[in-house]
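Undergrad: This is the structure I want to talk about, given as structure tokens.
The values are calculated or read from the model by the stated rules, or taken from the named source; none is laboratory data. These numbers come from a predicted model, not from an experiment. Ideal geometry is used to build each Cβ from the backbone, glycine not excepted, and the neighbour counts take in all protein chains shown. Note: accessible area is taken over every heavy atom of the protein model, side chains too, but ligands, DNA and RNA are not part of it. Shrake-Rupley method; radii C 1.70, N 1.55, O 1.52, S 1.80 Å.
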Amino acid sequence: MAGYDVIVVGAGHAGCEAALAAARMGGRVLLLTINLDTVALMSCNPAIGGLAKGQLVREVDALGGEMGRAIDATGIQFRRLNTSKGPSVRSNRAQADKQEYRLYMKEAVENRPGLEVRQALVEKLWIESGQLRGVITQIDEKIEGRAVILTTGTFLRGLVHVGLTNYPAGRAGEPPSNNLSASLKDLGFEVGRLKTGTTPRLDGKTIDYEKCTVQKGDEPPMPFSFDTRSIDRPQIDCHVTRTNDKTHDAIRSGLDRSPLFSGVIEGIGPRYCPSIEDKVVKFPDRKSHQVFLEPEGRCTREVYPNGIPTSLPIDIQEKLVHSIPGLESARIMRPGYAIEYDYVDPIQLGPSLETRAVSGLFHAGQINGTSGYEEAAAQGLVAGVNAMLKVRGEAPLIIDRSQGYTGVLIDDLVTKGTSEPYRMFTSRAEYRLLLREDNADLRLREIAYQLGLVNEEQYERYLIRKEKIEREIGRLRTQAVGTGAEILSILKEAGSGGMGRPQTLARVLCRPELDYSFIREHWPSNEEIPPDVAEEVEIMAKYDGYIERERRSVEKFRKMERLKIPEEIDYGSVPDLKMEVREKLERVRPLSLGQAMRVPGVTPAAVAVLQVHIKAMSERKAKD
Ligand code: FAD
């Protein structure tokens, strides 16, 4: 057979998941990347997960993706965040051994049947008579593919800045990809410019850890992947220190040579991950900012000082680093820098991540204006699946906002577009009590199985877990506790009041002062309940009322999503719609009235007009 089913351009976090997903579905897949030694390299922080990002990793994992297994195998410190808060905002985060992570992923893509991996710089899309045929590389090789996924990260016309000096690069030490974005512009895509930045890396040998506060990992560490039984590798300590007046003075002394403040950088930076100079200028009253000293791996002394991304000139970087307790003699091994790069406004994509302008072309990851490995991985996986479904002529996979953060992410991107780097937050999700880390498999594994993304063994494991949860929840909802003296004394001992009449264990568990371990101690199940099942059961029982309320809201949401807008709709012919609303709808071309409601600037009144028009359209169609 000539050519590939799917060609993935870029083997970063989006590209690896895209290629693996398409290959798992039986596709003949080619993964092309500029440098095979930087597959899945972490450009910035050597860490996976964190608030809302942990949820994305679990979803990628539930959908059969690699990221969760990769970090479980290569993590050096695991911490569960927000454990004292509600279940919707608990997230796992792990420091990775950066080199081990990269090698793990390289091995995963190389060993995947159906997937070929090659080093090549793609310069152009190969389009003939308006049809996508494949890609053309730097050495003028034409490679045929039925679908193409672009996952080029920060490489499109990448420009690195340190002080007032800048040079073209995809990220430090790697060449940019300059011609591909011109090829996209020629095809009519709107291409914008964004910016991000990273911290200097320090030589751990020159850090005085005695002056810092130690931060230990969780014991036992909680795995990311539903396939990992336990993480047995010893964990490494991180440390915390802080900036001070001296640091902030050093930063201010270099602002006249800052590419950010002197107007050299035009691209918009991440609002939620600002550079240290940004923080000092924007929050002059803050006397100090935390700096986390995170090792980059087991076999290197390089340390990532999380909290001081900067593009100030190198002499100022040295001054600011040396002003921080513990870092007085720290040597900079790699300077911090900012990078400007081209992105393609994701409003030009449909919810399958296929571009509207070129059939068979998909975009995923930072090229869509997002920031973060996890956001990239989730999009990559969906693009990989949808590219294969497109090749097979099947309907795309669309994960909606009530099914996952992945759905929230993609829906936000394609409905609202983005003009600044987009990162995920729990606050972006309407149904976050349903979209928890712990239940990602219950939400998505069935879909993964139907698509062939997980094997029988993985599916079987999921079914066993699901049935255990259901049995135990069932027991708690049916087994009643009496009002005898012995029971009242057990409750009293746990600081809980009595009860006037018998109650189910589920009701008893709803008392804030009691937890599931108390229930198990006094009314044990007759089967073994592993910790992950126990957590799920506890959340489901304790938050039952809230979960139910969110489910009802989801029903309303789904009702609007089910009201499809015909593909052939001509917004110009919808009467009573303001011109600007027409333009907005035309730009997004929403699939449903639900999605139309989320297009910024589209009012409820406009949606009502649209609804009437769609009804009339379908009545006309029925008559014809
Ligand atoms: P990448 O991981 O960048 O992978 C892109 C891949 O595409 C690379 O393998 C590259 O070789 C390949 N490629 C590019 N062009 C071509 C071509 N024409 N032909 C073939 N292959 C090509 N994220 C955060 O969440 N927080 C941060 O603070 C943060 N800071 C960052 C700072 C810097 C300096 C950089 C560079 C990135 C930062 N990121 C940050 C972003 C994070 O690295 C990305 O969001 C993430 O890696 C995106 O994944 P991706 O797969 O889209 O792209």
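Undergrad: Which residue is surrounded by the fewest Cβ atoms within 10 Å (Cβ to Cβ), if the candidates are limited to the stretch 17-53 and must be within 13 Å of the ligand (Cβ to nearest atom) and small (G, A, S)?
TA: In this case the residue turns out to be S43.
Undergrad: Select from the stretch 176-215 the residues that are open to solvent by 20 Å² or more (accessible area, probe 1.4 Å) and farther than 25 Å from P309 by Cβ and list them in ascending order.
TA: Of everything in the stretch 176-215, those that are open to solvent by 20 Å² or more (accessible area, probe 1.4 Å) and farther than 25 Å from P309 by Cβ turn out to be N179, A182, K185, D186, L187, G188, E190, E210.
Undergrad: Out of E296, E277, which single residue is acidic (D, E) and touching a Lys or Arg at 6+ places or on another chain (Cβ under 6 Å)?
TA: It is E296.
Undergrad: Do we have A14 as within 11 Å of the ligand (Cβ to nearest atom) and touching a residue at least 12 places away in the same chain (Cβ under 8 Å) here?
TA: For A14, the condition - within 11 Å of the ligand (Cβ to nearest atom) and touching a residue at least 12 places away in the same chain (Cβ under 8 Å) - is met.
Undergrad: In this structure, is V109 within 21 Å of E354 (Cβ to Cβ), at pLDDT 95 or above and crowded, with 23+ Cβ neighbours inside 10 Å? Before the answer, list the steps.
TA: Numbers: within 21 Å of E354 (Cβ to Cβ): no; at pLDDT 95 or above: yes; crowded, with 23+ Cβ neighbours inside 10 Å: yes.
The answer is no for V109.
Undergrad: Would you confirm, using the coordinates I've provided, whether S489 is modelled with pLDDT under 95 and in a loop (DSSP other than H, G, I, E, B)?
TA: no
Quick grid of which residues meet (1) surrounded by fewer than 17 Cβ atoms within 10 Å (Cβ to Cβ); (2) over 17 Å from F226 (Cβ atoms):
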| position | (1), (2) |
| --- | --- |
| E457 | yes, no |
| Y462 | no, no |
| T478 | yes, yes |
| A485 | yes, yes |
| S489 | yes, yes |
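Undergrad: Report every pair of residues separated by at least 6 positions or lying on different chains whose Cβ atoms are under 8 Å apart, first residue within the stretch 129-150 and part of a strand (DSSP E or B), second buried (at least 20 other Cβ atoms within 10 Å of the Cβ) and hydroxyl-bearing (S, T, Y).
TA: Taking only residues 6 or more apart or on different chains, the pairs are G134/Y4; I143/Y4; E144/Y4; G145/Y4; R146/Y4.
Undergrad: Looking at the stretch 190-213 only, could you name the residues that are away from the ligand (no atom under 15 Å from the Cβ) and touching a strand residue (DSSP E or B) at 6+ places or on another chain (Cβ under 6 Å)?
TA: Within the stretch 190-213, G192, L202, D203, G204, Y209, C212, T213 qualify.
Undergrad: Scan (1) open to solvent by less than 10 Å² (accessible area, probe 1.4 Å); (2) more than 19 Å from the chain's Cα centre (by Cα); (3) not polar (S, T, N, Q) for the single condition G3 breaks and write down its number.
TA: It fails just one condition, (1).
Undergrad: If I filter the stretch 568-587 for residues that are out of contact with any Cys (no Cβ under 9 Å at 6 or more places or on another chain), closer than 19 Å to D400 by Cα and loosely packed, with under 13 Cβ neighbours inside 10 Å, do I get at least one hit?
TA: no
Undergrad: I need the full set of residues from the stretch 1-59 which are under 24 Å from S371 (Cβ atoms) and hydroxyl-bearing (S, T, Y), in order please.
TA: T33, T38, S43
Undergrad: Would you check if there is a residue in the stretch 387-406 being within 16 Å of the ligand (Cβ to nearest atom) and of a type in the set (G, A, S)?
TA: Within the stretch 387-406 (the criterion being within 16 Å of the ligand (Cβ to nearest atom) and of a type in the set (G, A, S)), the answer is yes, since at least one residue qualifies.
The rows are residues; the columns are (1) of a type outside the set (K, R); (2) in contact (Cβ under 8 Å) with a residue 60 or more places away in the chain; (3) not in a helix (DSSP H, G or I).
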position	(1), (2), (3)
L585	yes, no, no
P590	yes, yes, yes
G594	yes, no, no
M597	yes, no, no
V602	yes, no, yes
A605	yes, no, no
L610	yes, no, no
K615	no, no, no
R620	no, no, no
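Undergrad: Which one of these does E190 not meet: (1) more than 29 Å from the chain's Cα centre (by Cα); (2) closer than 20 Å to E266 by Cβ; (3) among the charged types (D, E, K, R)?
TA: It fails just one condition, (1).
Undergrad: Scanning for something within 16 Å of the ligand (Cβ to nearest atom) and out of contact with any Gly (no Cβ under 9 Å at 6 or more places or on another chain), does the stretch 447-470 turn up at least one residue?
TA: No: zero hits.
Undergrad: Then there's this: Restricting to the stretch 495-526, count the residues that are open to solvent by less than 50 Å² (accessible area, probe 1.4 Å) and either outside any helix (DSSP H, G or I) or small (G, A, S) (or both).
TA: 10
Undergrad: Related question: Looking only at the stretch 216-250, filter to residues that are in contact with a Pro (Cβ under 6 Å, 6 or more places away or on another chain) and part of a loop (DSSP other than H, G, I, E, B); which one of those is least open to solvent (accessible area, probe 1.4 Å)?
TA: Going through the qualifying residues, I end up with I231.
Undergrad: Here are L435, L453, L409, L397: which of them is touching a Lys or Arg at 6+ places or on another chain (Cβ under 6 Å) and closer than 29 Å to I367 by Cβ?
TA: After applying the criteria, what remains is L453.
Undergrad: Oh, and also: Inside the stretch 316-368, counting only strands (runs of 3 or more DSSP E) that do not spill past its ends, which hold 2 or more residues that are under 25 Å from the mean Cα position of the chain (by Cα)?
TA: Where strands (runs of 3 or more DSSP E) fall fully within the stretch 316-368 and carry at least 2 residues being under 25 Å from the mean Cα position of the chain (by Cα), they are 337-344, 361-363.
Undergrad: Okay, moving on. Step by step: first the residues of the stretch 68-106, then only those that are over 24 Å from Y304 (Cβ atoms) and small (G, A, S), then the one that is most open to solvent (accessible area, probe 1.4 Å). Which residue is that?
TA: Ranking the qualifying residues of the stretch 68-106, first place goes to S84.
Undergrad: In addition: V385 versus (1) in contact (Cβ under 8 Å) with a residue 60 or more places away in the chain; (2) within 22 Å of L187 (Cα to Cα); (3) open to solvent by less than 10 Å² (accessible area, probe 1.4 Å): which is the lone unmet condition?
TA: All conditions pass for V385, except number (2).
Undergrad: I need the full set of residues from the stretch 270-282 which are open to solvent by less than 20 Å² (accessible area, probe 1.4 Å) and at pLDDT below 85, in order please.
TA: Listed by number, the list holds a single entry, P270.
Undergrad: I need the full set of residues from the stretch 334-369 which are hydrophobic (A, V, I, L, M, F, W, C) and within 15 Å of the ligand (Cβ to nearest atom), in order please.
TA: Those that are hydrophobic (A, V, I, L, M, F, W, C) and within 15 Å of the ligand (Cβ to nearest atom): A338, I339, V344, L349, L353, L361, F362, A364, I367.
Undergrad: Additional query: Pairs needed: first member in the stretch 402-421, under 18 Å from L591 (Cα atoms); second member anywhere, surrounded by fewer than 24 Cβ atoms within 10 Å (Cβ to Cβ) and aromatic (F, W, Y); C-beta distance under 6 Å; at least 6 residues apart or different chains.
TA: S402/Y431; S402/F557
Undergrad: Every residue in the stretch 382-412 that is more than 11 Å from the chain's Cα centre (by Cα) and hydrophobic (A, V, I, L, M, F, W, C), please.
TA: Across the stretch 382-412, the qualifying residues are V382, A383, V385, A387, M388, L389, V391, A395, L397, I398, I399.
Undergrad: Considering each of R157, R133 in turn, give the residue that is open to solvent by 60 Å² or more (accessible area, probe 1.4 Å) and over 30 Å from P313 (Cβ atoms).
TA: On the way: R157 fails: over 30 Å from P313 (Cβ atoms).
Answer to the check: R133.
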